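The values are calculated or read from the model by the stated rules, or taken from the named source; none is laboratory data. None of these values were measured; they are calculated from a predicted model. Note: ideal-geometry Cβ built from the backbone for every residue, glycine included; neighbour counts use all protein chains shown. The area values use the complete protein model at the heavy-atom level, side chains included, leaving out ligands, DNA and RNA. Shrake-Rupley method; radii C 1.70, N 1.55, O 1.52, S 1.80 Å.
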Amino acid sequence: MERGNGILSLLKVNFYANQDAPELFSWSPIIKNYAGDDDEHCTENALECINFMVFNTNNSNSILNIVTKARENARSVQEHISRELWLCVNNYYLFLTNKNLPKKLKEEDPIVFLDNLQAFHLRYYGLMDVTQERGASYYFMNVGKYLERVIQITDFTAMKLMEIAKTSDTLERSIYWKNLLLSIGGYQLYLKKYKSSFEENHVITMVFQDTLFPRSIYYCINKLNRHISLLIETNELEKNNIDFLLGKLESTIKYTTIESINEQGLDVFIKEIKEAIKNISLNINTVYFSNVN
C-alpha cells in the first residue's frame, strides 16, 4: 500500500510536468525504474504509460499487482488486523478489477482518475491509525511502511539526479528539484521553511535530514527505529544486530553535514543508505521469514 501510494503520487506529478515540459519530464525513467530494462513499453503517450503503471499484469509494480498482493497478505492475517482495514484493501481490489475502470482513464481527467485511486491509500492510512490496536501487528506494519518509504525516497531522488546530471542550466536543475519535492509531498513545507528558489543544498537537507517532514529519510529511520524497539520490547523480535544497524544509520544521516554529502556525492550517500536498509531488511527477514517455505 505504501508503494502504491508513492507510485500514484509520482504519476500525478509527472503528468502535470510532462504537459508543461515534455522535453524535461519524459515517462521513460518511471517505466524503467518500476518495470525494468527488459520492458518493451517505450511509448511517451501519457495515458498509455499511466494505463501500464496501473493495470498491466506483466508489470510487477503496477497498482493492480501491488494491491492484489496487499489483499492476499491482508487476507492471510485477517485475525491480526482490524476488520475496517481488511475491508478497505478488499474494496480497493474490487474497485481496481472492475472491467469498466480502464475505460474511465480514457474518458475522464487522468488526475481525477489517479486521485480516486489514491483516496483508497489515504483511507487505508487513516483506518490503520484509528482502528488498529497498538501491538505487534501495528508495529510490524509500520516497519514495512517506513522501510518502503525510505526505498522510495532514495529511488525518486536517484531518478532526479540522473536527469539533473544531464543539464547545467540552473533553472532546469531547479525545476527538477521542485518536481522531486512535489513527488514526495514536500513542496509546501519547503516554501514555508526556506521561502526561496529551489536550492540544491536546501532540498537535500530537507529530503534527507528534516526532523519534522514525515517523508524525510531521517524521520522515516527514526520511526523505523522506534517500531523496531517496540517489537524487541514486546519480545516479538530478537535484537539480531538490528538495533545497532538502525542506530548507526540514524546517526549517520543526522550528523552528516551538507558539505560532507556534497564532497562524497549525493549518489554515493544514497547508495550507502540503500545498502544499510538492505542489511536491516535482511536481518528482519531472518527473524520473521527464514523458516517460511
Checked against (1) open to solvent by 40 Å² or more (accessible area, probe 1.4 Å); (2) out of contact with any Lys or Arg (no Cβ under 8 Å at 6 or more places or on another chain); (3) not assigned by the TED database to the domain that holds ASP267, SER168 satisfies every condition except (3)
Give all pairs with beta carbons closer than 8 Å in which a residue from the range 143-160 that is under 14 Å from ILE204 (Cα atoms) meets a residue that is not in a helix (DSSP H, G or I); count only pairs at least 6 apart in sequence or on separate chains. ILE153/ILE184; ILE153/ARG215; ILE153/SER216; PHE156/ILE184
Filter the helices (runs of 4 or more DSSP H) completely within the range 131-239 down to those with at least 3 residues that are among the small types (Gly, Ala, Ser). 136-164
Residue among THR154, THR170 that alone is under 21 Å from the mean Cα position of the chain (by Cα) and polar (S, T, N, Q): THR154
Output the number of the condition that LEU127 fails; it satisfies all remaining conditions of (1) open to solvent by 60 Å² or more (accessible area, probe 1.4 Å); (2) assigned by the TED database to the domain that holds ALA70; (3) not small (Gly, Ala, Ser). (1)
Name the residues in the range 231-265 that are hydrophobic (A, V, I, L, M, F, W, C) and open to solvent by 20 Å² or more (accessible area, probe 1.4 Å), would you? ILE232, PHE244, LEU245, ILE258
Cβ-Cβ distance below 8 Å, separation of 6 or more or different chains: which pairs start in the range 87-104 with a residue that is open to solvent by 70 Å² or more (accessible area, probe 1.4 Å) and end on one that is of a type outside the set (Lys, Arg)? ASN91/PHE120; LYS104/PHE113
Please go through the range 187-214 and pick out each residue that is farther than 21 Å from ASN262 by Cα and crowded, with 17+ Cβ neighbours inside 10 Å. LEU189, PHE213
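If you check SER168, SER183, SER196, which single one turns out to be touching a residue at least 12 places away in the same chain (Cβ under 8 Å) and not aromatic (Phe, Trp, Tyr)? Quick ask: steps written out before the conclusion?
Working: SER168 fails: touching a residue at least 12 places away in the same chain (Cβ under 8 Å); SER196 fails: touching a residue at least 12 places away in the same chain (Cβ under 8 Å).
Checking each option against the conditions leaves just SER183.
Any residue that is within 21 Å of the chain's Cα centre (by Cα) and not hydrophobic (A, V, I, L, M, F, W, C) - is there at least one of those in the range 191-199? Write out each step before concluding.
Applying the first criterion (within 21 Å of the chain's Cα centre (by Cα)) to the range 191-199 yields none.
Scanning the range 191-199, I find no residue that is within 21 Å of the chain's Cα centre (by Cα) and not hydrophobic (A, V, I, L, M, F, W, C), so the answer is no.
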Taking first residues from the range 120-138 that are within 17 Å of GLU79 (Cα to Cα) and second residues anywhere that are polar (S, T, N, Q) and open to solvent by 40 Å² or more (accessible area, probe 1.4 Å), the pairs with Cβ under 8 Å that are 6 or more apart or on different chains are GLY135/THR234; ALA136/THR234
